[in-house]
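First comes the structure, then the notes that go with it.
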């Protein structure tokens, strides 16, 4: 692609589009920007070939992800002790890889609309939702910054996620952008503009009406049961969390907070991910070299028994696979009698943090963030815990950003979700706020309340309609006691899963095949990607 002034202008528009979209997410929370963020990108790709449009889509994605996941640099600098100049490289590499998805969506939208009679305004939202779904598992699974998450506070609008998942919200926001561009800049025929504008209006009205009805229902529907929960936020700095010299003092923080909470007649005490920073095993069968870990285990069981209250907490654990020791990121439930009731092994591990993808290729080059135990092993079974008749499904940290994983926990019987996490890695960056927003969408999709307990915050209760209740400040040691009501309800999304997104992806593949097999049509307003923007601010199709 020849570098010209037009190229620079188009690239600047694409980058501005990406930055605007990133600012719509937490902690910036300028969510109104999401409704116009794609307009500069559409202007930039106007009249271009699919290949060139891919490049500008990639620029948009790169700008968006750099602003969204900049916190990776902070994590690597603070805890892996990499110089900033080095720590920024993995963040840039990840952003560049994720931007390929944006470029691919733009390419597919342009390719299909130029070679078929499918207007771009219709094709692109469907393709976008399908590509977001693909990103949730391929190649390693990093479903960050879905467009729909920008609207997590727009409760009336997002309730239909209980049918489509977050992917439907993303598609609606992108469709709004496409229609806005088509109408304001006169793209497509008058007929296409009228139909798309009418469809958008109907969808927005239907979504808002549906949302109002559902929120009213949950505000007034009787609960099947209630659980009084104490959320213990220990605020243990990541710099000392795994330091043996601080293990005793850190553990005492949780014991003290739990003793106070037990006097408030709570039904359950919840500690964050890896709050027990020692190897906690299901039984007391420890080798001699781990006698200190066994002693801490005994003290934890005694604390639950003395307080007469179950404790749900995170801790590392070890086992053996093929004769070799392996480690798990685990959640335990200890009963009020001081016995291990059950445990759950984290199934969705953090790439490059808890395991290294393609270790044979990347192992020599990757500086992992996590300390202590080498590669972890994923769990295979979604455990459902029982606490005083309430059925709890646990999500450990990163797992809360995966819609289908959460859905499966609810489908297996969870009536309350518990998200234990350690967000101390991220400092005061946007990451803890982003994680909270994504967790809130999980409750909207499944209509199941969530107890979210973080080491340094943000801990909160999330109601079935997505309201965030009693959020704790970052970096404050506290115990928050809240009552959680739950109801037996299964949403369409809980039953059918990612069907909406899968259909969008299937339609994308079908449209691409149809476009590939179809002879190239003559260039018209109806079949162009979005008709040429020649004559506007001096940008022509030479890009």
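Just wondering, is there one or more residues in the stretch 394-406 that are crowded, with 21+ Cβ neighbours inside 10 Å, out of contact with any helix residue (DSSP H, G or I) (no Cβ under 9 Å at 6 or more places or on another chain) and either modelled with pLDDT of 95 or more or in a helix (DSSP H, G or I) (or both)? Yes - at least one qualifying residue is present in the stretch 394-406. Residue 66: outside the structural domain of residue 237 (by TED's automatic domain parsing), more than 30 Å from residue 186 (Cβ to Cβ) and crowded, with 18+ Cβ neighbours inside 10 Å, yes or no? For residue 66, the condition - outside the structural domain of residue 237 (by TED's automatic domain parsing), more than 30 Å from residue 186 (Cβ to Cβ) and crowded, with 18+ Cβ neighbours inside 10 Å - is met.
When you look at residue 336, is it in a loop (DSSP other than H, G, I, E, B), modelled with pLDDT of 95 or more and surrounded by 15 or more Cβ atoms within 10 Å (Cβ to Cβ), yes or no? So residue 336 fits the description; yes. Residues that are closer than 15 Å to residue 507 by Cβ and within 15 Å of the chain's Cα centre (by Cα) are absent from the stretch 109-126. Per this entry, residue 381 is not counted among residues that are crowded, with 23+ Cβ neighbours inside 10 Å and either under 14 Å from residue 331 (Cα atoms) or in the same structural domain as residue 355 (by TED's automatic domain parsing) (or both). Once the stretch 194-204 is narrowed to residues that are within 13 Å of residue 122 (Cα to Cα) and free of Cβ contacts under 8 Å to residues at least 40 places away in the same chain, the residue that is surrounded by the most Cβ atoms within 10 Å (Cβ to Cβ) is 200. Among residues of the stretch 24-35 that are at positive phi, those with a beta-carbon under 8 Å from a residue that is assigned to a loop (DSSP other than H, G, I, E, B) at least six positions away or on a different chain give the pairs 29/153. For the stretch 473-489, the criterion of being at positive phi and not assigned by TED's automatic domain parsing to the domain that holds residue 75 is met by at least one residue. Restricting the stretch 407-416 to residues that are touching a strand residue (DSSP E or B) at 6+ places or on another chain (Cβ under 6 Å) and touching a residue at least 40 places away in the same chain (Cβ under 8 Å) leaves a set whose member that is surrounded by the fewest Cβ atoms within 10 Å (Cβ to Cβ) is 415. Across the stretch 425-437, not a single residue is classified as in contact with a strand residue (DSSP E or B) (Cβ under 7 Å, 6 or more places away or on another chain), closer than 18 Å to residue 233 by Cβ and in a loop (DSSP other than H, G, I, E, B).
Residue-wise test of (1) over 21 Å from residue 457 (Cβ atoms); (2) in contact with a helix residue (DSSP H, G or I) (Cβ under 7 Å, 6 or more places away or on another chain); (3) in a strand (DSSP E or B).
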| residue | (1), (2), (3) |
| --- | --- |
| 227 | yes, no, yes |
| 231 | no, no, yes |
| 240 | no, yes, no |
| 248 | yes, no, no |
| 255 | no, yes, no |
| 264 | no, no, no |
| 272 | no, no, no |
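With respect to being more than 14 Å from residue 180 (Cβ to Cβ) and either within 30 Å of the chain's Cα centre (by Cα) or not in a helix (DSSP H, G or I) (or both), residue 34 falls outside the description. Residue 483 meets all of the listed conditions (1) over 23 Å from residue 165 (Cβ atoms); (2) buried (at least 17 other Cβ atoms within 10 Å of the Cβ) but one, namely (2).
The values are calculated or read from the model by the stated rules, or taken from the named source; none is laboratory data. Because the structure is a prediction, the values reported are computed rather than measured. So basically every Cβ, Gly included, is an ideal-geometry build from the backbone, and we count neighbours across all protein chains shown.
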